[in-house]
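**Student:** Quick one: this structure, given as structure tokens, is what I'll be asking you about.
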Protein chains: 2
Amino acid sequence: MKSKVENQGVKMEKQNKKSSAQKEEKQGITEKKSGDFSEWYNQVVLKAELADYAPVKGFMVIRPRAYELWEDIQNYFNKIISRQKVHNAYFPLLIPESFFRKEAEHAEGFGPELAWIENKEESEERVAIRPTSETIMYDSYGKWIRSWRDLPLRINQWCNVLRWEVKQTKLFLRTREFLWQEGHCVYATEQECVKEALLFLEEYKKMAEGLLAIPIISGEKTSGERFAGAKQTFTIEALMPDGKALQMGTSHNLGQNFAKSFGITFLDEKANRQFAWQNSWGFSTRLIGAVVMVHSDDKGLVLPPKIAREKVVIVPILFDESRQKVLKKAHELAIKLSKFNAFVDERDGYSAGWKFNEWELKGIPVRLEIGPKDMEKNQAVLVRRDNFQKKAVKISAIEKELSKMLEEMQSDLFKNAKKFLDGNIAEAKTWQEMKGMLDQKKMVLAPFCNEAGCEKEIKGETTATARCIPFGQKKTVSKCVKCGKNAEIKVLFAKGY
Amino acid sequence: MKSKVENQGVKMEKQNKKSSAQKEEKQGITEKKSGDFSEWYNQVVLKAELADYAPVKGFMVIRPRAYELWEDIQNYFNKIISRQKVHNAYFPLLIPESFFRKEAEHAEGFGPELAWIENKEESEERVAIRPTSETIMYDSYGKWIRSWRDLPLRINQWCNVLRWEVKQTKLFLRTREFLWQEGHCVYATEQECVKEALLFLEEYKKMAEGLLAIPIISGEKTSGERFAGAKQTFTIEALMPDGKALQMGTSHNLGQNFAKSFGITFLDEKANRQFAWQNSWGFSTRLIGAVVMVHSDDKGLVLPPKIAREKVVIVPILFDESRQKVLKKAHELAIKLSKFNAFVDERDGYSAGWKFNEWELKGIPVRLEIGPKDMEKNQAVLVRRDNFQKKAVKISAIEKELSKMLEEMQSDLFKNAKKFLDGNIAEAKTWQEMKGMLDQKKMVLAPFCNEAGCEKEIKGETTATARCIPFGQKKTVSKCVKCGKNAEIKVLFAKGY
């Protein structure tokens with residue numbers, strides 16, 4: 001409970017403390033999440049200073065407040081893959097034209113999106129900026145791998161990639177350049193290869209749910225949605241509040257397709273030469289966009305505490321007579337709460353209320369208010385960013401209470417998102433039913449023939465795409481929701497980003 | 001002291017344990033450091049699996065063993081700059097043509113090295129891959145900075161940059177694409193701006209000397225060697241074993257040059273509009289090349305322990321009868337020494353001697369040998385990579401002894417490099433003297449008029465360049481070593497990479 005005194009304090013704060021700074025005040029979010037969702041999203045991203053538009057169309061600047069989320073994701077994931085004996089490396093930005101042609105499907109898939117470099121010297125081969133690094137990495141793999149002793153080879157890289165998308169771009173979700181990780185592993189057997197492709201997908205799911213508090217449906221892509229050059233593509237899919245699905249990460253069983261194109265062979269223990277098996281897997285900075293969409297609200301950014309670097313902002317309630325005492329206590333608390341990267345907002349010329357708004361906009365998970373009346377009671381007030389729940393807590397218990405509040409917030413954010421996801425998946429038996437559900441912005445699970453032509457028709461009529469064949473389903477004996485042919489699987493359809 | 005028994009053990013190891021793997025054995029370094037230095041360097045880089053040539057000329061693959069050095073440098077430096085309130089961010093890879101033209105010197109400096117993208121759409125402006133990010137970052141800064149409250153603004157980015165060098169390329173030291181950090185800060189006053197430019201340079205020096213064990217001479221660049229668009233450039237210079245100087249990092253006082261070109265202004269506390277002051281500072285993956293050159297030897301890579309991720313390799317000396325017991329102990333030791341990232345090389349089919357060579361080639365700072373005789377004595381043998389010093393130590397004291405050995409090695413590597421540097425700086429008074437010293441591969445300190453024309457003549461006659469005006473020198477009243485005009489400073493000249 002927040003004390004009345006403190007509320008009063010905010011209002012009473014002396015007017016003469018307010019300088020011209022408040023006139024420059026940046027506006028809060030002026031669009032509602034339930035209104036023009038796209039406009040709301042852009043405002044949150046821009047006003048919370050996560051990103052900015054770049055001078056070149058389709059590019060973005062990732063500002064420090066978002067880049068630190070990316071660093072936290074990197075730190076989390078580097079620990080995971082290091083345990084799996086994956087090593088980070090760095091391969092060149094530019095890829096020769098001939099490499100793209102080596103794997104036919106891959107070349108066709110990425111061809112239209114390549115950015116080519118103007119040739120400096122006639123004699124040099126034309127090169128393009130990497131849209132993904134299979135080809136350039138596997139050229140090296142072909143040289144490095146000789147025997148079964150060199151396998152498995154597990155390499156990951158964190159880098160920028162570029163795809164000259166013609167579709168409309170969107171901050172974080174779809175930009176021509178983005179940052180990502182791409183893991184590329186080589187194995188002696190397909191069994192091992194698929195096993196680990198699924199293992200990395202499972203780690204993606206754990207990260208999305210555990211760290212980002214975004215519930216996931218995982219499954220396999222239909223042939224129509226498969227990665228260019230892959231034998232199988234696995235995916236984790238999330239549902240955004242506007243009813244559109246977002247692919248959060250994929251892993252691919254590449255089979256021996258690239259091994260054959262790039263000559264990746266090894267001598268097995270019986271000295272027979274074999275083609276190797278490969279997988280690749282990646283997620284990108286679009287995860288940051290998903291976090292913003294799923295959790296934020298009309299006041300601005302809401303971050304799951306685990307991913308927020310600064311987990312608590314201390315806003316001292318300042319009056320002239322108790323100013324020094326309160327500030328001193330605020331700084332003591334910041335030191336006490338340093339493992340949460342607590343910081344004190346002691347700027348002059350801004351009211352406490354103005355500061356509340358600013359840190360709500362910027363998504364600090366918990367606000368700690370402390371004023372003279374709190375000090376008398378040896379307490380402080382904690383306010384949760386997501387539901388504005390207030391709690392007066394004794395200073396002696398503050399670390400414990402803060403930990404608890406952050407844990408509850410993390411857990412509640414996930415629960416709410418899960419409830420939304422569960423409430424927005426529907427099962428359709430007929431085409432009419434399915435179309436109606438899609439119009440209601442649902443994800444629709446339906447029996448499907450798994451034929452490319454039929455998939456294309458569904459997309460043509462509804463703009464919905466096959467998101468995945470969810471894992472763990474029982475074998476269906478039914479008719480395809482669209483064409484009526486035999487259906488052995490159920491596929492999840494939705495409009496997508 | 002290594003026991004005779006253990007040496008015998010290595011030789012006696014059963015022949016039938018050796019499989020075909022040993023026939024595939026990669027050769028060690030076949031060139032001496034004192035021989036063809038360039039060939040020796042390339043062999044160390046390639047055979048220690050630090051890097052590989054890329055298919056596109058002038059590009060390289062940074063392999064995991066080198067990338068982890070880069071990550072360790074990143075982790076070290078991120079902590080430093082975070083304390084200085086610098087935040088990481090990410091700006092776009094592609095820069096519009098018009099941006100390069102805004103700062104005339106900058107445009108002239110980088111123009112010839114730009115890689116342009118083939119235009120996709122006629123209507124879009126021509127864009128190039130960043131050779132450095134001043135222009136693209138300062139365009140955003142111009143939008144973000146409004147008032148003195150927004151200053152100082154301190155942003156850093158870790159990224160790839162591309163300069164289409166025509167000079168011969170060299171792994172790590174000079175490649176068309178490289179990884180680096182570039183810090184870009186904005187201040188209200190020049191005083192603050194220069195102070196921090198020097199502060200970051202000092203941090204570079206501390207890192208080079210403390211982490212990489214490479215002694216530094218720091219100073220200011222002459223006008224001829226200044227960064228394109230800077231008012232002052234500061235540098236840390238190191239001396240490579242072949243007598244060539246290597247620029248290890250620079251920081252620039254950009255003055256108000258870019259602020260004027262990109263409209264970076266702020267309202268000061270009296271509401272007057274002012275142009276801001278800026279600095280920028282960077283170091284790159286060439287640091288890895290410097291580490292290799294300075295410390296490595298005819299057996300391969302030598303790494304300063306602080307930068308080596310795996311600080312100790314445990315090689316068990318295996319005989320059939322004691323195999324299980326020794327392996328068990330080896331793994332116990334690996335756990336005990338896990339904070340050093342100790343690992344056990346228990347591969348079958350390789351002799352202990354073969355393993356010794358491999359890990360010497362790859363630069364693991366300390367080898368721990370343990371065999372049955374050692375176990376009887378409750379000891380293990382530690383061997384230092386740089387001087388091959390052996391020490392039998394009691395198991396109970398192993399952590400302490402290992403720590404001590406690593407510290408001594410770190411300190412000795414620095415001392416040796418410092419001795420080499422000090423022994424190879426000479427002071428010249430006459431032009432004849434200076435030419436002779438340069439021929440003897442010395443760095444030469446000489447009084448200099450500090451005129452661009454004279455600097456050019458020196459370079460023309462000797463290929464040596466002005467490395468820096470070293471800090472802390474007393475005012476010279478002398479004549480220029482080359483032209484005889486008045487000289488108020490001494491400049492350090494050397495042939496450079």
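The values are calculated or read from the model by the stated rules, or taken from the named source; none is laboratory data. Small disclaimer: the values here were computed from a predicted structure and weren't measured. Positions of Cβ are backbone-derived with ideal geometry, glycine not excepted, and every protein chain shown enters the neighbour counts.
**Student:** Please determine whether any residue of region A:413-429 is part of a helix (DSSP H, G or I) and either touching a Ser or Thr at 6+ places or on another chain (Cβ under 9 Å) or among the small types (Gly, Ala, Ser) (or both).
**Tutor:** Checked region A:413-429: at least one residue is part of a helix (DSSP H, G or I) and either touching a Ser or Thr at 6+ places or on another chain (Cβ under 9 Å) or among the small types (Gly, Ala, Ser) (or both).
**Student:** Continuing with this model, one more query. Can you confirm whether region B:466-474 contains a residue that is β-branched (Val, Ile, Thr) and outside any strand (DSSP E or B)?
**Tutor:** No, that holds for no residue.
Table: residues versus (1) at positive phi; (2) crowded, with 23+ Cβ neighbours inside 10 Å; (3) part of a loop (DSSP other than H, G, I, E, B); (4) modelled with pLDDT of 95 or more.
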{"site": "B:Gln181", "(1), (2), (3), (4)": "no, no, no, yes"}
{"site": "B:Val194", "(1), (2), (3), (4)": "no, no, no, yes"}
{"site": "B:Tyr204", "(1), (2), (3), (4)": "no, yes, no, yes"}
{"site": "B:Gly224", "(1), (2), (3), (4)": "no, no, no, no"}
{"site": "B:Ile236", "(1), (2), (3), (4)": "no, yes, no, yes"}
{"site": "B:Gly282", "(1), (2), (3), (4)": "no, no, no, yes"}
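**Student:** Additional query: Just to be sure before I move on: is A:Gln168 modelled with pLDDT of 95 or more and more than 9 Å from chain B (Cβ to nearest Cβ) in the structure I sent?
**Tutor:** No, not satisfied.
**Student:** Then there is this: Suppose the filter is over 26 Å from A:Trp116 (Cβ atoms) and not hydroxyl-bearing (Ser, Thr, Tyr); does A:Trp164 pass it?
**Tutor:** no
**Student:** Which condition number does B:Leu94 fail, the rest of (1) under 23 Å from B:Ala208 (Cβ atoms); (2) among the aliphatic types (A, V, I, L, M); (3) at the interface with chain A (Cβ under 10 Å from one of its Cβ atoms) being met?
**Tutor:** All conditions are met except number (1).
**Student:** Go through region B:101-140 and report how many residues are of a type outside the set (D, E, K, R), assigned to a loop (DSSP other than H, G, I, E, B) and more than 30 Å from B:Phe266 (Cβ to Cβ).
**Tutor:** 4
**Student:** Determine whether B:Thr222 is over 13 Å from B:Gly255 (Cα atoms), of a type in the set (S, T, N, Q) and more than 22 Å from the chain's Cα centre (by Cα).
**Tutor:** Considered against the rule, which asks whether it is over 13 Å from B:Gly255 (Cα atoms), of a type in the set (S, T, N, Q) and more than 22 Å from the chain's Cα centre (by Cα), B:Thr222 comes out as yes.
**Student:** Failed condition for A:Ile335, given (1) of a type outside the set (S, T, N, Q); (2) without any contact (Cβ under 8 Å) to a residue 40 or more places away in the chain; (3) within 30 Å of A:Asn253 (Cα to Cα), with all others met?
**Tutor:** (3)
**Student:** Going by the conditions given, is A:Gly289 assigned by TED's automatic domain parsing to the domain that holds A:Thr233, at pLDDT 95 or above and crowded, with 17+ Cβ neighbours inside 10 Å?
**Tutor:** yes
Let's see how each residue does on (1) touching a residue at least 60 places away in the same chain (Cβ under 8 Å); (2) among the polar types (S, T, N, Q):
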site	(1), (2)
B:Trp180	yes, no
B:His184	yes, no
B:Gln191	no, yes
B:Phe200	yes, no
B:Thr235	yes, yes
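**Student:** Within 23 Å of A:Ser396 (Cβ to Cβ) and touching a strand residue (DSSP E or B) at 6+ places or on another chain (Cβ under 7 Å): is that true of A:Lys339 in this structure?
**Tutor:** no
**Student:** Give me the residue from region B:129-156 that is at the interface with chain A (Cβ under 8 Å from one of its Cβ atoms) and surrounded by 20 or more Cβ atoms within 10 Å (Cβ to Cβ) and, out of that set, nearest to B:Ile62 (Cα to Cα).
**Tutor:** The residue in question is B:Ile129.
Listed here are the residues, each with its yes/no results for (1) more than 10 Å from chain A (Cβ to nearest Cβ); (2) surrounded by fewer than 16 Cβ atoms within 10 Å (Cβ to Cβ); (3) touching a helix residue (DSSP H, G or I) at 6+ places or on another chain (Cβ under 9 Å); (4) among the basic types (Lys, Arg).
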site	(1), (2), (3), (4)
B:Lys85	yes, yes, no, yes
B:Asn88	no, no, yes, no
B:Lys102	yes, no, yes, yes
B:Glu108	yes, yes, no, no
B:Leu114	no, no, yes, no
B:Val127	no, no, yes, no
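**Student:** What are the residue pairs meeting all of these: first residue in region A:432-453, first residue surrounded by 16 or more Cβ atoms within 10 Å (Cβ to Cβ), second residue assigned to a helix (DSSP H, G or I) and aromatic (Phe, Trp, Tyr), Cβ atoms under 9 Å, and 6 or more apart or on different chains?
**Tutor:** A:Ala446/A:Trp431
**Student:** Those residues that are in a loop (DSSP other than H, G, I, E, B), closer than 19 Å to A:Ala290 by Cβ and without any contact (Cβ under 8 Å) to a residue 24 or more places away in the chain, I need them from region A:45-90; list them, please.
**Tutor:** Passing the criteria: only A:Arg63.
**Student:** Okay, next question. Here are some conditions: (1) surrounded by fewer than 18 Cβ atoms within 10 Å (Cβ to Cβ); (2) farther than 17 Å from A:Val194 by Cβ; (3) in contact (Cβ under 8 Å) with a residue 40 or more places away in the chain. A:Gln274 meets all but one. Which one does it not meet?
**Tutor:** If we test A:Gln274 against (1) surrounded by fewer than 18 Cβ atoms within 10 Å (Cβ to Cβ); (2) farther than 17 Å from A:Val194 by Cβ; (3) in contact (Cβ under 8 Å) with a residue 40 or more places away in the chain, just (2) comes out false.
**Student:** Can you name the residue in region A:292-321 that is among the hydrophobic types (A, V, I, L, M, F, W, C) and assigned to a loop (DSSP other than H, G, I, E, B) and, of all such residues, is surrounded by the fewest Cβ atoms within 10 Å (Cβ to Cβ)?
**Tutor:** Selected residue: A:Phe319.
**Student:** Listed residues B:Lys400, B:Lys391, B:Lys404, B:Lys490; which is part of a strand (DSSP E or B), modelled with pLDDT of 95 or more and in the same structural domain as B:Asn341 (by TED's automatic domain parsing)?
**Tutor:** After ruling out the rest, the residue left standing is B:Lys391.
**Student:** Next question. Specify the residue that is surrounded by the most Cβ atoms within 10 Å (Cβ to Cβ); the eligible residues are those in region B:206-216 that are assigned to a helix (DSSP H, G or I) and among the aliphatic types (A, V, I, L, M).
**Tutor:** B:Ala208
**Student:** Kindly establish whether A:Asn75 is exposed (fewer than 15 other Cβ atoms within 10 Å of the Cβ) and either closer than 27 Å to B:Ile95 by Cβ or within 8 Å of chain B (Cβ to nearest Cβ) (or both).
**Tutor:** In short, no.
**Student:** Would you check which residues across region A:171-186 are within 14 Å of chain B (Cβ to nearest Cβ), of a type outside the set (Ser, Thr, Tyr) and farther than 19 Å from A:Thr135 by Cα and list them?
**Tutor:** A:Leu171, A:Phe172, A:Arg176, listed by residue number.
**Student:** May I ask you to list the residues in region B:157-210 that are among the acidic types (Asp, Glu) and under 28 Å from B:Asp139 (Cβ atoms)?
**Tutor:** B:Glu165, B:Glu177, B:Glu182, B:Glu190, B:Glu192, B:Glu196, B:Glu203
**Student:** Same structure again: With the checklist (1) modelled with pLDDT of 95 or more; (2) within 11 Å of chain A (Cβ to nearest Cβ) in hand, flag the one item B:Lys57 doesn't pass.
**Tutor:** Result: B:Lys57 fails condition (1) only.
**Student:** What residue, of B:Glu24, B:Glu31, is assigned to a loop (DSSP other than H, G, I, E, B), over 30 Å from B:Glu113 (Cβ atoms) and modelled with pLDDT under 95?
**Tutor:** None of the other options fit; the residue is B:Glu24.
**Student:** When you look at B:Thr189, is it more than 14 Å from chain A (Cβ to nearest Cβ), β-branched (Val, Ile, Thr) and buried (at least 21 other Cβ atoms within 10 Å of the Cβ), yes or no?
**Tutor:** no
**Student:** I need the full set of residues from region B:164-179 which are crowded, with 20+ Cβ neighbours inside 10 Å and under 18 Å from B:Gly496 (Cα atoms), in order please.
**Tutor:** Matches in region B:164-179: B:Leu171, B:Phe172, B:Leu173, B:Thr175, B:Arg176.
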